[in-house]
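> Have a look at this one before I ask anything.
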Amino acid sequence: VQEIVARFKNAEAALLTEYRGLRVGEIREVRSALREANAEYKVLKNTLTRIAVREVGLDELVAMLEGPTAIAFVHGDAAAAAKTLDEAAKKFPVLSLKGGVLDGKILDADQSRQLARLEPREVQLTKIATMMNSPLQQTANVLSALLRDLGSMLAQVVSKKQEEE
């Protein structure tokens, strides 16, 4: 129980799945894919896990601990791990997301699937940087246009003066 409590406390997120019908080789494949997403996939006894989630203060998860349950303890990007589980569920239809916990907030099955549809963190950060850079780029373009126009006007004034002389 203490080991499970430690896993919940050390993980940034935990995603619960039902794996009924998955073969050992298929579970190994899911574990391997999750390892690449910086998550570990554990099949735990429901009774011990119920005790552990109560100790951690996640009583809402108790209802999800019915039937064969495996938990993905995420140590990195929760969206990437959820996406990995979603892809595994498409490949192995018997695998299904039950819900989970993210930053202390309980997620139901639908919210877990929505988490899987989020873009990776790096893509979101790139979009934010682009949005922040856009006004600066536009300001620079406006200022350079003003300088270009000023230079053009001065060149016309000089050429007109020379024509008059």
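The values are calculated or read from the model by the stated rules, or taken from the named source; none is laboratory data. Keep in mind that what you see is a predicted model, and the values were worked out from it rather than measured. Positions of Cβ are generated from backbone atoms using ideal geometry, with glycine treated the same way; all protein chains shown enter the neighbour counts. Just the protein is used for accessible areas: all its heavy atoms, side chains included, with ligands, DNA and RNA removed. Shrake-Rupley method; radii C 1.70, N 1.55, O 1.52, S 1.80 Å.
> Roughly how many Å is it from the Cα centre of segment 5-80 to that of segment 115-129, as a whole number?
24 Å
> Which shape class applies to segment 58-121: rounded if a/c is under 1.5, otherwise prolate when a/b exceeds b/c and oblate if not, where a ≥ b ≥ c are the square roots of the Cα gyration tensor eigenvalues?
Since a/c reaches 1.5 but b/c is at least a/b, the shape of segment 58-121 is classed as oblate.
> Let me ask you something else. Got a sec to turn the phi values of segment 69-78 into Karplus ³J(HN,Hα) couplings, 6.51 cos²θ - 1.76 cosθ + 1.60 with θ = phi - 60°, whole Hz, x for Gly and Pro?
With the stated coefficients, segment 69-78 comes to 10, 10, 10, 9, 8, 9, 10, x, 6, 5 Hz.
> In whole Hz and in residue order, list the ³J(HN,Hα) couplings for segment 32-40 that follow from phi through the Karplus curve 6.51 cos²θ - 1.76 cosθ + 1.60, θ = phi - 60°; x for Gly and Pro.
4, 5, 5, 4, 5, 8, 6, 9, 10
> Now for a separate question. Size of the dipole of the chain about the Cα centre, Lys and Arg at +1 and Asp and Glu at -1 on the beta carbon, nothing else charged, in debye to 20?
Magnitude of the dipole: close to 660 debye.
> Another question, if that's okay. Classify segment 24-70 as rounded, prolate or oblate, taking a ≥ b ≥ c as the square roots of the eigenvalues of its Cα gyration tensor: rounded when a/c is under 1.5, otherwise prolate if a/b is larger than b/c and oblate if not.
Prolate, because a/c is 1.5 or more and a/b exceeds b/c.
> Still on this model: So, taking all protein chains as they sit and a 1.4 Å probe, how much accessible area belongs to Lys127, in Å² rounded to tens?
100 Å²
> Quickly rank 141-152, 27-38 as a protection proxy: mean count of other C-beta atoms within 10 Å, highest first.
Working: 141-152: 10.0, 27-38: 15.9.
Output ranking for 141-152, 27-38: 27-38, 141-152.
> Can you pull the three principal axis extents for the Cα set of segment 1-135, in Å, largest first?
Cα spread of segment 1-135 along its principal axes, largest to smallest: 55, 33, 23 Å.
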